[in-house]
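Notes for the one structure printed next.
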Amino acid sequence: MPRFPTVICCSLLASLVATGASAQVQTKAQQTCIKKLNGAGAAIARVAGRQFLTCVVAACKGKLGSGTTAEQCLTSDPRGTLAKAQARAATAQARFCTTPPSFGPTTAADVAAAFGAPVRVHALFGPDLDAALIAAASDRAGAACQLAVAKGMTDVAAAKLKAFNTCKAAGLKSGTIDSAAALDACFGADPKGTIAAAYRSPERYRLLYFKGPYVVHMLRSWMGWDKFIKLTSTIQTKYKGKNINTDTLAREASTLMGYDMFPFFDQWVRDQGIPKVRYSWSAAKQDDGKFLVTIKLRQDDAPNFKYMMVPISFEFGKGDPVVVTKPILKADTDIEMKVPIRPTNVRLDNDATQLADFIQDKS
């Protein structure tokens, strides 16, 4: 199922922020280290992104090497370009990081781990990439949709990374970035509108035109993997040799879920538009020592509200984010959850499982 609005995810950038000590303006040498390592990481991401697109194109067009699967293609580096990019990161560390910074990346290993696999392939396509990719020979439009989404959203991700690095360089130079928290503020920064321009690319409009496969993926997110597999199995066996339509899918999905799924299909298939969801969050310490996180969400176009099942990523400064999925059932809503410690950040739909734009209010 195609969906790549954030191929290089915010959590990947977050791994380059890391936790740091209290506010401290970095020396010129430390600033250089941060910029050189982040630049090397961006280069690794570009190479990995190109290799990912090459694999998707080859798989959809049936041009993978004999006996090679799409999964194998993802981990290959036939020309050694990824290894060379990683080697350049190591060179940058040796040359510019004799005095490590107190926050941000400090080693080539940091950026290699962060950027070496920028695409969360299985979170995006499901557990079997080869089964998910559409062969152009059998479904030209479906394959074109997947290729367009992969290309267009890789461009969006590249724009986000470029904007982040521009913000970071300016902040380090002015001294306003003096901690991990200050560096984190560069997430989503788009002063020159480069990210917005990437979203307006032809690939983005093509995504809207071929949005059917994307909606099917959102249906999978809503139903859960097991029930979605039951749905596809039911469709294949019960309706073999018969014509089906959207109402058929809605009816069978409703049976499996135990409630009316027609509103989901009405809103995502028959309605129009990509919703913009603005959100903010706060954390308040409770008597039991835990923190109550309140997330306030608002869809801009309330009359054309869309149901969504949204993954919420809680970042705690160390380790991978903790992801919890919650439904959005109305245009303006609050979600409350208790967590053991105060999060460093809360993000919605990091892996872009929904056909929507999520905008975090920084104020």
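The values are calculated or read from the model by the stated rules, or taken from the named source; none is laboratory data. In this text, all values refer to a predicted model and were calculated from it rather than measured experimentally. FYI the Cβ positions are ideal-geometry reconstructions off the backbone, even for glycines, and counts take in every protein chain you see.
Quick one: would you say residue 251 is charged (D, E, K, R) and free of Cβ contacts under 8 Å to residues at least 24 places away in the same chain? Break it down stepwise before answering.
Details: charged (D, E, K, R): yes; free of Cβ contacts under 8 Å to residues at least 24 places away in the same chain: yes.
Yes; evaluated as a whole, the condition is true for this residue.
Please determine, by comparing only the residues of the stretch 332-363 that are modelled with pLDDT under 90 and of a type in the set (A, V, I, L, M), which one is farthest from residue 149 (Cα to Cα).
Of all residues in the stretch 332-363, those modelled with pLDDT under 90 come to 349-363.
In the following step, the residues that additionally are of a type in the set (A, V, I, L, M) were identified as 352, 355-356, 359.
Details: 352: 12, 355: 11, 356: 14, 359: 20 Å.
Going through the qualifying residues, I end up with 359.
Return a yes/no flag: does the stretch 80-89 have any residue that is surrounded by fewer than 20 Cβ atoms within 10 Å (Cβ to Cβ), assigned to a helix (DSSP H, G or I) and out of contact with any helix residue (DSSP H, G or I) (no Cβ under 9 Å at 6 or more places or on another chain).
yes
Being modelled with pLDDT under 80 and over 16 Å from the mean Cα position of the chain (by Cα) is the filter here; which residues of the stretch 147-166 pass it?
Matches in the stretch 147-166: 147, 148.
Given the conditions (1) part of a strand (DSSP E or B); (2) touching a residue at least 40 places away in the same chain (Cβ under 8 Å); (3) not hydrophobic (A, V, I, L, M, F, W, C), which single one is not true for residue 318?
(1)
Got at least one residue in the stretch 232-248 being surrounded by 14 or more Cβ atoms within 10 Å (Cβ to Cβ), modelled with pLDDT of 85 or more and among the hydrophobic types (A, V, I, L, M, F, W, C)?
Yes: one or more hits.
Consider only pairs whose beta carbons are under 7 Å apart and that are at least six residues apart or on different chains; among these, list those whose first residue lies in the stretch 182-194 and is in contact (Cβ under 8 Å) with a residue 40 or more places away in the chain and whose second residue is assigned to a loop (DSSP other than H, G, I, E, B) and among the basic types (Lys, Arg).
From residues that are in contact (Cβ under 8 Å) with a residue 40 or more places away in the chain, the pairs are 185/362.
Exactly one of these conditions fails for residue 76: (1) free of Cβ contacts under 8 Å to residues at least 60 places away in the same chain; (2) within 14 Å of residue 55 (Cα to Cα); (3) surrounded by 15 or more Cβ atoms within 10 Å (Cβ to Cβ). Give me its number.
Answer for residue 76: the failing condition is (3).
Only one of 92, 109, 136 is among the small types (Gly, Ala, Ser) and farther than 30 Å from residue 318 by Cα; which? Show your work before the answer.
Values: 92 fails: farther than 30 Å from residue 318 by Cα; 109 fails: farther than 30 Å from residue 318 by Cα.
Selected residue: 136, the only one of 92, 109, 136 that is among the small types (Gly, Ala, Ser) and farther than 30 Å from residue 318 by Cα.
Has the stretch 281-293 got at least one residue that is outside the structural domain of residue 150 (by TED's automatic domain parsing), of a type in the set (A, V, I, L, M) and either farther than 30 Å from residue 104 by Cβ or part of a loop (DSSP other than H, G, I, E, B) (or both)?
Looking only at the stretch 281-293, we keep the residues that are outside the structural domain of residue 150 (by TED's automatic domain parsing), and these are 281-293.
Subset that is of a type in the set (A, V, I, L, M): 283-284, 292-293.
Next, from what is left, pick out any that are either farther than 30 Å from residue 104 by Cβ or part of a loop (DSSP other than H, G, I, E, B) (or both): 292.
Checking the stretch 281-293: at least one residue is outside the structural domain of residue 150 (by TED's automatic domain parsing), of a type in the set (A, V, I, L, M) and either farther than 30 Å from residue 104 by Cβ or part of a loop (DSSP other than H, G, I, E, B) (or both).
Any residue in the stretch 123-130 that is modelled with pLDDT of 75 or more, of a type in the set (Asp, Glu) and surrounded by 16 or more Cβ atoms within 10 Å (Cβ to Cβ)?
Within the stretch 123-130, the subset modelled with pLDDT of 75 or more is 127-130.
Checking the rest, the ones that are also of a type in the set (Asp, Glu) come to 128, 130.
Those still in the list that are surrounded by 16 or more Cβ atoms within 10 Å (Cβ to Cβ) too: none.
No, the stretch 123-130 contains no residue that is modelled with pLDDT of 75 or more, of a type in the set (Asp, Glu) and surrounded by 16 or more Cβ atoms within 10 Å (Cβ to Cβ).
With hydrophobic (A, V, I, L, M, F, W, C), closer than 13 Å to residue 40 by Cα and either touching a residue at least 60 places away in the same chain (Cβ under 8 Å) or in a loop (DSSP other than H, G, I, E, B) (or both) as the only criterion, which of 57, 111 stands out? Lay out the reasoning, then the answer.
Working: 57 fails: closer than 13 Å to residue 40 by Cα.
The unique qualifying residue is 111.
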